[in-house]
Amino acid sequence: MSEQTGDKSKDKPEIPDGEENIKNIKKSKGDFFLKIISALTAVLIWFWVVGFESQVTQRRFASIPVEIKNQNEMKSNYGYSMLVDKELYIDVILEGKSAHLNRLKPQDIEAYIDLNRVSQSGEQSLPIEIKEMDYVHVADQSQSSTLLYIDRESSVTIPVDARIVQMVKEPGVEIGELGLSAGSVTVYGPEGVLKTLDHALVNLSLGAVERPVTVTEKFILIDGDGEEVRNQYVSTREAATVEVYVPVTMTKEIDLTVNFRHGYYNEKNTEITIYPETIEISGSPDLVKNISEYNIGIIDEKRHETDATVTMRLFLPGGITSGVHTAEVGIKFRDVETKTINISTRQNSNFNIIRPPNLEYEIREERIEIKVLGNPSVLRLVNSSRVSVTADMSALNERGAHMVPLEIEIINNNPDNPAFCVGEYFITAEVY
């Protein structure tokens, strides 16, 4: 057993010295080649990096603000101003080596418009310039110039007018003088443009108008030739609208009528005339169009026993006007006369008393005389037994003497040819 577990190295085959040297030489050559490859790789990477960083290329910078320079100098030299503050941005494409472009930031780019170039007024196209930068230059920009309005800023006050350009009108409808909430407006802008202005104008387009209306509309600016002025640099610095009151009226001829309190008058006993028979009225169309006649009032037949002319004032409805303010009603009797009848106030079944509450009374008059008007043939049939008298004292609540009006009616009157009492009658009642 001990012989089997002896030194194992004795069992390995021996390598000749020459072969071992060859093996070592091969190993040294492999390490050398690896070092050469690594060095070449590093060199290539360095050349690639250097080549990329030094490569000429382009880069886009967006939304670069454009500065307006030398505004104060322009105003000092010429009295001009830029009439509208304008915020302007452009996109810029720069060209240069990648290393330089990569170090740039948008705020490093300075775009500007130089107002020192301006020597006259008006709308002008001015170049947008970009300040030179080291190692890079501008390859392109989204906008190379812009329009600016340069002038002396001024103001002018011009009158405001209004006109109706379209409207649906009913027959008889008229438009009065338009009323404006503002008679003038102040306009600001270029001095040269303002010199051409004549007035501001509101154009109204209306549909069917049945009553006066107030319309709020924008106005436009009109020059001396009647043409509209369109200029973005002109403003009012105020509301660009005006309230316009449109007075709409309808004129119409209507008949005049009159009423009678008791209905005693008819074609047989009276001829009634109204002067004027018709009047012309004006007002809002929604009111006037529904009026065909106007009643001027009520006439009490008991107040007239002879021909008469009654002047009545016209009280037209609100919103309605007329050039006529009074009318005359003519009363002309036909085939009538008057008859006097004595009426007893004592023990007369037709003399009716409405007593005062909780008080006693005594009538001083024993008899009263009344006048009855009517056709002679009718009057012959009227006597005291056909006359009904009423004295209403129900409202009396104080002691003393009182004048009490009488209501008088004819009994069994003929409605087609009536007889009726004319005049006013009273009795004296002592209340206690």
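The values are calculated or read from the model by the stated rules, or taken from the named source; none is laboratory data. Given the structure is predicted, the values throughout are model-derived calculations rather than measurements. Cβ: placed from backbone, ideal geometry, glycine included. Neighbour counts: every protein chain shown. When the accessible area is computed, the model is the full protein with side chains, heavy atoms only, and any ligands, DNA or RNA have been set aside. Shrake-Rupley method; radii C 1.70, N 1.55, O 1.52, S 1.80 Å.
Worth a mention:
- Selected residue (criterion: nearest to VAL378 (Cα to Cα)) from residues of segment 410-432 that are free of Cβ contacts under 8 Å to residues at least 60 places away in the same chain, in contact with a helix residue (DSSP H, G or I) (Cβ under 8 Å, 6 or more places away or on another chain) and not hydrophobic (A, V, I, L, M, F, W, C): ASN414
- From the list GLU407, GLU398, the lone residue that is under 23 Å from ARG303 (Cβ atoms) and out of contact with any Lys or Arg (no Cβ under 7 Å at 6 or more places or on another chain) is GLU407.
- For the residues GLU362, GLU369, the requirement of being at pLDDT 95 or above and surrounded by fewer than 18 Cβ atoms within 10 Å (Cβ to Cβ) singles out GLU369.
- Residue in segment 99-116 that is under 47 Å from the mean Cα position of the chain (by Cα), open to solvent by 30 Å² or more (accessible area, probe 1.4 Å) and more than 25 Å from GLN55 (Cβ to Cβ) present: yes
- Verdict on THR428 being open to solvent by less than 30 Å² (accessible area, probe 1.4 Å), in a strand (DSSP E or B), more than 22 Å from THR270 (Cβ to Cβ) and touching a strand residue (DSSP E or B) at 6+ places or on another chain (Cβ under 7 Å): yes
- Residues located in segment 60-98, provided they are part of a helix (DSSP H, G or I), open to solvent by less than 50 Å² (accessible area, probe 1.4 Å) and not small (Gly, Ala, Ser): MET74
- Close pairs (9 angstrom Cβ cut-off, 6 or more residues apart or separate chains): within 9 Å of PHE426 (Cα to Cα) in segment 396-409, open to solvent by 100 Å² or more (accessible area, probe 1.4 Å) and not β-branched (Val, Ile, Thr) anywhere: PRO405/GLU424; LEU406/GLU424
- Residue in segment 335-359 that is surrounded by the most Cβ atoms within 10 Å (Cβ to Cβ), counting only those that are within 20 Å of ASN269 (Cα to Cα) and touching a helix residue (DSSP H, G or I) at 6+ places or on another chain (Cβ under 6 Å): LYS339
- Residue count, segment 97-130 (criterion: over 22 Å from ASP85 (Cα atoms) and among the charged types (D, E, K, R)): 4
- Filter pass, THR186 being under 22 Å from GLU123 (Cα atoms) and under 24 Å from the mean Cα position of the chain (by Cα): no
- Being at pLDDT 60 or above, within 60 Å of the chain's Cα centre (by Cα) and assigned to a strand (DSSP E or B) is a condition met by at least one residue of segment 39-58.
- Members of segment 128-164 found to be more than 16 Å from GLU110 (Cβ to Cβ), exposed (fewer than 15 other Cβ atoms within 10 Å of the Cβ) and in contact with a His (Cβ under 6 Å, 6 or more places away or on another chain), listed by number: PRO159
- Among the residues listed as GLU191, GLU123, the single one being among the acidic types (Asp, Glu), farther than 30 Å from GLY319 by Cβ and surrounded by 15 or more Cβ atoms within 10 Å (Cβ to Cβ): GLU191
- Members of segment 383-409 found to be over 21 Å from ARG261 (Cβ atoms) and assigned to a strand (DSSP E or B), listed by number: GLY400, ALA401, HIS402, MET403
- Every residue from segment 222-243 that is part of a strand (DSSP E or B), free of Cβ contacts under 8 Å to residues at least 40 places away in the same chain and of a type in the set (A, V, I, L, M, F, W, C): ILE222
- Just one of the listed residues (THR306, THR278, THR249, THR270) is out of contact with any helix residue (DSSP H, G or I) (no Cβ under 7 Å at 6 or more places or on another chain) and exposed (fewer than 13 other Cβ atoms within 10 Å of the Cβ), and it is THR306.
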